[in-house]
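Here is the structure we will look at.
None of the figures in this text is laboratory data; all of them are computed from the coordinates on show. Values in this document were obtained by computation on a predicted structure and should not be read as measured data. Positions of Cβ are backbone-derived with ideal geometry, glycine not excepted, and every protein chain shown enters the neighbour counts.
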2 protein chains.
Amino acid sequence: MATAPATIESFRARAAELDAADPLAGRRALFHVPAGRLYLDGNSLGALPRSVMARVREVIEHEWGNDLITGWNTHDWIDLPARVGSKIERLVGAEPGTIVVADSTSINLFKALSAALRLVPSRRVILSDNGNFPTDLYVAQGLVRLLGGGYTLKAMAPDDVEDAIGDDTAVLCLTEVDYRSGRRHDMKQLTAKAHAAGALAVWDLAHSAGAFVVDVADGRADFAIGCGYKYLNGGPGAPAFIYVAPRFADQVEPALSGWMGHAAPFAFTTDYRPAQGVTRMRVGTPPILGMAALDAALDAFEGIDMRQVAAKSASLTELFVAAVEATCPDLRLTTPREPGRRGSQISFKAENGYAVMQALIDRGVIGDFRAPDIIRFGFTPLYLSHTEVVAAVDVLAKVLAERLWDEPKYHVRAKVT
Amino acid sequence: MATAPATIESFRARAAELDAADPLAGRRALFHVPAGRLYLDGNSLGALPRSVMARVREVIEHEWGNDLITGWNTHDWIDLPARVGSKIERLVGAEPGTIVVADSTSINLFKALSAALRLVPSRRVILSDNGNFPTDLYVAQGLVRLLGGGYTLKAMAPDDVEDAIGDDTAVLCLTEVDYRSGRRHDMKQLTAKAHAAGALAVWDLAHSAGAFVVDVADGRADFAIGCGYKYLNGGPGAPAFIYVAPRFADQVEPALSGWMGHAAPFAFTTDYRPAQGVTRMRVGTPPILGMAALDAALDAFEGIDMRQVAAKSASLTELFVAAVEATCPDLRLTTPREPGRRGSQISFKAENGYAVMQALIDRGVIGDFRAPDIIRFGFTPLYLSHTEVVAAVDVLAKVLAERLWDEPKYHVRAKVT
C-alpha cells in the first residue's frame, strides 16, 4: 500500500480529527485569542484569560477604590502570595504550602541560589549550562561577585553538565527547558546525581510550569523558581514563584530578608526573624494587581490533569514538526524529536531567521526569533488547536517558498526580540 | 480682646476658608474617595486615581489581549520603568534619567545598600536608626549576614545618628520620615556629615515622595529609594523606585544583576554587562499592570509645583493638631510641631490606641495604629480637604469623650495593622 504524500491538506484533515478528540478543546473559550492571529508565542507571553479583566476591575474599583487600606484584611491581600502559590503547587507537583508567588524570576533565583549556597557552606561552585537563559547566568554572576571568597559560576555546554557534577559542586542550577532549543533536562536524574555528589539542585521552571507534567517533589528538587507570564498566562511581567523543598523550608536563611518574610511583620520589631516555611522567601509588599491577574489566570487550569496538558503538547508539537518537515525543506529541527525530551516548543534553524519571523508576524503567525538563526514556536495546550498549528505551517511554507521574507522592512531590528 | 474659645465650630469655619483658597482643591476630582469615609491613611495606601481603571483596562484588553507579545515594542512596555521613573524625578528633585521604577522598596534598598558598600570598600558599617521602618533594618541585616567579613548594621536612637557618623561608617541608611512619629530627618545636613566622614548616604523616601518638597540632587543623596503605593497612589503593592546619583550611576556594580539591567538584554549573551546609568538597577521583567497603574496615577501631579503640595500638607496638619489639642485633652502629640521637621502625617500617643483606631474606622475615619500606643493620621494634599480634617477630629473627640472605643470588638486584633 503506497503512503499518501504528506500534503498540507492531509495535515489539515489530521488536525481536524485531533481537535475533535481533544479533551482540552473547551478551554479555548476561557481565553481571548484575537481574530486573525495564530499565536505560537505563549512561551514568551501567555494569551489573556477572559477572567482576568473582571477580577482586576473588582480589585481596582471595589477592593482598592472603596475599601482602601482595609483591603489587606477584608480581601486578605496579605495572603495572596500563598493562595496563588497553592494553585501553582498542583501544576508542578509541589507539596502543599511550599510555593509563594513573589517578585520576578530573576530575583527569586537570587533568593534560591543564595539560600542553597548557605546550606552547602564548604563548597564554592555554582554549576550551570551555557544555554541557560541569560538572566539566570547574570544573577549567578552577580551573586558570586557579591560573595567573593572564591565563589564561582561554572557554565558548561548542556550535554557536559552531568559529568561536571563533582565534589566541588555546591549547587546545580539549571533551567529545565532550554529557551532556544526546547531541549528538556532530566530533572530527576540530574538532581539525583547532584545529591549523590553532596550538592543541591535549583531548577528554573520558566518554560515548564503549565506546559507539561512537572513533579518537583518526585524529582527531589531542593529549590525551584518559575515565571507567571508564560504558560501560566498571568500577563506581562506577572509575578514569579519560588518553591523550597519542605526539608529545607524552616532552615533556609533568606539573603533578601524583608518584612513580608518576617515571622510577625506587624509587630514592627527591629530584628529579622524568619517566618515559618516558604513564607520567609517573601520580601516586600506583594503587587496586588499582578497577583490578582495571575490568580484569575490560573483558574483556567482548574480540574485539568497535567497529563492531559502534556499529551496535548506532544500532539501539537509532533504535528507541527511533521507538517514543517513535509513542506519546508530548508528548515532544520533543533529541538529533540521525542516529546518527553523537550518542552512545549519547537525551534528550527533558519537562514535569515529574523526576517522570516518578521514576515510571519506580518501575516498573523506569531512566534519569535532567537539569535543567531533560530525561529521558535511555542504551543500552549490550553488554547491552541491542531488546526491552527497546520494553518501556521501553511503560512510558514509560503513565506519560505515564495521568499516573502526578502523585504528590507523585515530586516529592521526591533528593540525587543 | 478675648480669644474666642477654640470650638469645633470655629475650626469648621476656618477649614471652609482654607478650602476656598486651596489651589489644589481641584485635584480632588481626580480621585475616587468613597462617600462616608474620611481617609487619613494615604500614607499607607493612597486612594484610587480615577485615571487608573481606564489605563489598566487598555493595557489588559488591548495591549496584552490583542497585541500579545508585540506589546513590548508596540507599546514600549520595555521602557515603562524609565518613563514612569521620569515622572517621579520631578517630584523628588532628581536629575533627568536617574530613576527607574522596579521591584519593591525592600528589594531596591538591597540594591542600593549593596552597591553603596562596594563604593566604600574599606569600611564595614551600615549606620541607621532604630526607628527606621523595620523592613529597612531587616534588609540591611540580611545583607550584612550574606556578606560576612565583619559587615555590621549599627542602629542608633534617631537623635544619636548624627553624632555616630564616623570613620567606620560606610553607608548612612535612613528613612527621611519616621513611619511612627512623622519626624523628618534633615537629609541635606546628615548627608553632608556622612560625606565629610567619607561615607555615602542612602535615603528611603517612602513617606516623602509626593508629600512635600524632596530634593535629592540638592541634598546630595547618593542613592534613594521609595514606594509607589503611598503618596504616589499607585495601588496596593505598586512597584517602587530607585535613584542613583549621576556621579555613581555608571560606576555601580549591581548585586542583583538581571537581564533587564544588561547593556543588551536581547543579545542574549552569557556574560553580564551593565547597562548605562540607573537602568542597570533593573533586574527582571517589569510588572506591566502595576507599572501602568502607577504611571496613570502619577498624572495627578501634572502641573503641580511641589511647594504647593508642601504648603497644603503644612496647612492640613497644623489645622489637625490645633483641632485635636483643643478637643481631645487626653492625646499627646508625638510628631514635631514645626511642619518642616515632619512628614505629612500626625501621630498622637493614645491609651487604648488600638481600640480607639478601630472605633474610628468603624465610624468612617480611617487612620492606623502603630504599636505600642500610637494613632497615626496621614494627610494627602492632593485629595484631602481641611473640612474633612475637622470632621475627622469631631469624630475622634466624640470617640474619646464618650469612650466609644470601649467595646470588646474593638480590641480584636486584625492580621494586618
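Ranking A:Phe377, A:Gly166, A:Pro408 by Cα position along the charge dipole of chain A, where only Lys, Arg, Asp and Glu carry charges on their C-beta atoms, puts A:Pro408 farthest toward the positive end.
Expressed in whole Å with the largest first, what are the equivalent ellipsoid semi-axes of the stretch B:121-260 derived from the C-alpha gyration tensor as the square root of 5 times each eigenvalue?
Values: eigenvalues 96, 70, 51 Å².
Output for the stretch B:121-260: semi-axes of 22, 19, 16 Å.
Taking Cβ atoms as reference points and 10 Å as the exclusive limit, the residues near B:Phe268 contribute a net charge of +2, counting Lys and Arg as +1 and Asp and Glu as -1. The charge dipole of chain B, taken about its Cα centre with unit charges on the Cβ atoms of Lys, Arg (+1), Asp and Glu (-1) only, comes to about 380 debye. Sorted from shortest to longest, the distances between the A:Gly303 label points of this copy and the other copies are 5.2 nm, with each point 7 Å from Cα along the line through the beta carbon. Across chain A, Cα pairs under 8 Å and at least six residues apart give a relative contact order of 22 percent. Distance distribution note for the stretch A:53-301: the fraction of Cα pairs above 32 angstrom is 20%. In nanometers and ordered shortest first, the copy-to-copy spacing of the A:Asp330 label point, defined 7 Å from Cα toward Cβ, is 8.5. The same position A:Ala192 in the other copies lies at 6.9 nm from this copy, comparing label points 7 Å beyond Cα toward the beta-carbon, shortest first.
As a test of the formula, what do you get for the protein assembly as shown when each DSSP H run with n ≥ 4 contributes -39,500 (n - 2.57) and the sum is divided by the residue count, at 222 nm and rounded to the nearest 500 deg cm²/dmol? Result for the protein assembly as shown: -10500 deg cm²/dmol, rounded to the nearest 500. For A:Ile60, B:Ile288, the sequence from fewest to most other C-beta atoms within 10 Å is A:Ile60, B:Ile288. Calculate the dipole size of the stretch A:53-301 relative to its Cα centre from +1 charges on Lys and Arg beta carbons and -1 charges on Asp and Glu beta carbons; express the result in debye to the nearest 20. Approximately 300 debye in magnitude. Simple rule: put +1 on each Lys or Arg Cβ and -1 on each Asp or Glu Cβ in the protein assembly as shown, find the dipole, and look at A:Gly71, A:Ser122, B:Val321; the Cα lying farthest toward the positive end is A:Ser122.
Distance from the Cα centroid of the stretch B:9-46 to that of the stretch B:324-360 is 18 Å (rounded to whole angstrom). Distances between placed amide hydrogens fall under 5 Å for A:Val365 paired with A:Leu38, all partners being 5 or more residues away or on another chain.
Each of B:Lys188, B:Lys87 was scored by other Cβ atoms within 10 Å of its Cβ. Listed from fewest to most, they are B:Lys188, B:Lys87. Putting +1 on Lys and Arg Cβ atoms and -1 on Asp and Glu Cβ atoms, find which of A:Pro236, B:Ala25, B:Tyr138 reaches farthest to the positive end of the dipole of the protein assembly as shown. Checking the options against the dipole of the protein assembly as shown, the answer is B:Tyr138.
For the pair the stretch B:71-110 / the stretch A:125-150, the C-alpha centres are spaced 26 Å from each other. By the count of neighbouring beta-carbon atoms within 10 Å, fewest first, B:Ile374, A:Ile346 end up ordered B:Ile374, A:Ile346.
Summarised as an ellipsoid, the protein assembly as shown has semi-axes of 49, 30, 24 Å, derived from the eigenvalues of the Cα gyration tensor scaled by 5 and square-rooted, with the largest first. Given in Å, the Rg to one decimal and the Dmax to the nearest whole number for the Cα atoms of the stretch A:1-139 are 22.6, 73. Candidate membrane-span-like segments in chain B, meaning DSSP H helices with Cα atoms spread over at least 30 Å of their own axis and a Kyte-Doolittle mean of -1.0 or above, are B:306-327, with no membrane implied.
Each listed q (0.06, 0.08, 0.09, 0.14 Å⁻¹) maps to a log10 I(q)/I(0) for chain A from the Debye sum over equal C-alpha point scatterers, namely -0.26, -0.46, -0.58, -1.26.
Between the stretch B:287-308 and the stretch B:221-239, the C-alpha centres lie 11 angstrom from each other. By the Kirkwood approach, averaging reciprocal distances over each pair of separate Cα atoms, the stretch B:334-417 gets a hydrodynamic radius of 13.4 Å. About the centre of its Cα atoms, the stretch B:187-327 shows a dipole size close to 260 debye [charges on the beta carbon of Lys, Arg (+1) and Asp, Glu (-1) only; nearest 20 debye].
Do any of A:Lys111/A:Lys193; A:Lys87/A:Lys111; A:Lys312/A:Lys398; A:Lys188/A:Lys312 go past 29 Å between their Cα atoms, and which?
Details: A:Lys111/A:Lys193 23 Å; A:Lys87/A:Lys111 21 Å; A:Lys312/A:Lys398 26 Å; A:Lys188/A:Lys312 23 Å.
Among A:Lys111/A:Lys193; A:Lys87/A:Lys111; A:Lys312/A:Lys398; A:Lys188/A:Lys312, the Cα-Cα distance tops 29 Å for no pair.
Find the all-direction average of the projected area of the Cα convex hull for the stretch B:2-76, expressing the result in square nanometres with one decimal place.
On the way: hull surface 33.8 nm².
Here the figure is 8.4 nm², rounded to one decimal.
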